[in-house]
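As structure tokens, the structure follows; a few thoughts come after it.
The values are calculated or read from the model by the stated rules, or taken from the named source; none is laboratory data. None of the values given here were measured: they were computed from a predicted structure. In this analysis, Cβ positions are derived from the backbone assuming ideal geometry, glycine residues included, and neighbour counts consider all displayed protein chains. Side chains are part of the model used for accessible areas, which takes the heavy atoms of the whole protein and leaves out ligands, DNA and RNA. Shrake-Rupley method; radii C 1.70, N 1.55, O 1.52, S 1.80 Å.
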Amino acid sequence: MGIFSRKNTTTQSAPAAPAVAGPDLTALTGDYAVDPAHSTIGFVARHAMITNVKGGFGDFTGTLHLDGAEPAKSTAVLDVRMESIDTGNADRDAHLKSADFFKTDEFPAMTFRSTGVEVLGGEEYRVTGELSLLGVTKPLAIDLEFNGFAKDPFGNERVGFTGKAEILRSEWGLTWNAALETGGVLISDKVKLTFDVSAIKQA
């Protein structure tokens, strides 16, 4: 099944429908640039054991090479500027940029480089690769859903994906925490990552 195959909703008992010519999905094969104006990279962490704090990054670049016929040949590259972290609170953002967390003066970027793509079925895929943060590189698997393709009013050919992953931040050296009087810790080790990606095909 190709990376851009659409789901077949025809049941075996239904009468055969007349053949309708569809778009040549293999034509989507090519190089794409992530459009940061229409894409988001976010995260969610548990705070004080009772609620979630959400944030994201406003400055990032990325490229995709998509192969509609052989998904395993597709690749992804992502570079995130850590100074662009935004949780909606200036004091918290300053703390996250400090030596307690991301040390953005010393480690200005977080990067992801894919190493493989697996078809899970339907529109679902798993992209495996290496996430580098704070000078530590470890494997990361991102589950993606292909949302489709379209040509926008400006003539750009776009593809869209949503994705999610989970990490233990301590594995990348993010170990700062504080104990709570009621038990537990201030910030969860598990962090959920979210991706909404719109990418434009390059000439």
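Solvent-accessible area per residue in the stretch 39-190 equals 53 Å², computed with a 1.4 angstrom probe and all protein chains kept. Note on Thr162: accessible area approximately 40 square angstrom, rounded to 10, probe 1.4 Å, nucleic acids and ligands left out. Using the Cβ-Cβ distance between Leu134 and Ala27 with R0 set to 41 Å, the FRET efficiency from 1/(1 + (r/R0)^6) comes to roughly 0.50.
Only Cα pairs under 8 Å and 6+ residues apart enter the sum, and on that basis the relative contact order of the chain stands at 24 percent.
Label point of Asp79 set 7 angstrom out along Cα-Cβ; within the stretch 133-147, amide nitrogens under 20 Å from it belong to 133-138. For the stretch 130-201, the number of Lys pairs separated by eight or more positions or lying on different chains, with C-alpha atoms closer than 30 Å, is 10.
Positive end of the charge dipole of the chain (Lys, Arg +1 and Asp, Glu -1 on Cβ, about the Cα centre): tell me which of Gly163, Met110, Ala199 has its Cα farthest that way. Checking the options against the dipole of the chain, the answer is Gly163. In plain terms, the chain from Glu118 to Lys54 could stretch by 20.2 nm, reckoned as 0.36 nm per residue minus the Cα-Cα distance.
Determine the calculated [θ] at 222 nm for the chain from helices alone, applying -39500 (n - 2.57) to every DSSP H run no shorter than 4 residues and normalising by the residue count; nearest 500 deg cm²/dmol.
Working: 1 runs with 8 residues, N = 203.
Taking each H run of at least 4 residues, the total per residue is -1000 deg cm²/dmol.
When the chain is treated as a GNM with alpha-carbon contacts under 10 Å, the residue of Gly183, Gly160, Gly55 showing the greatest mean-square fluctuation is Gly183. Using heavy atoms of the protein chains and a probe of 1.4 Å, the accessible area assigned to Met49 is about 110 Å².
With all protein chains in place and a 1.4 Å probe, the accessible surface of the chain carries 54 percent carbon and sulfur.
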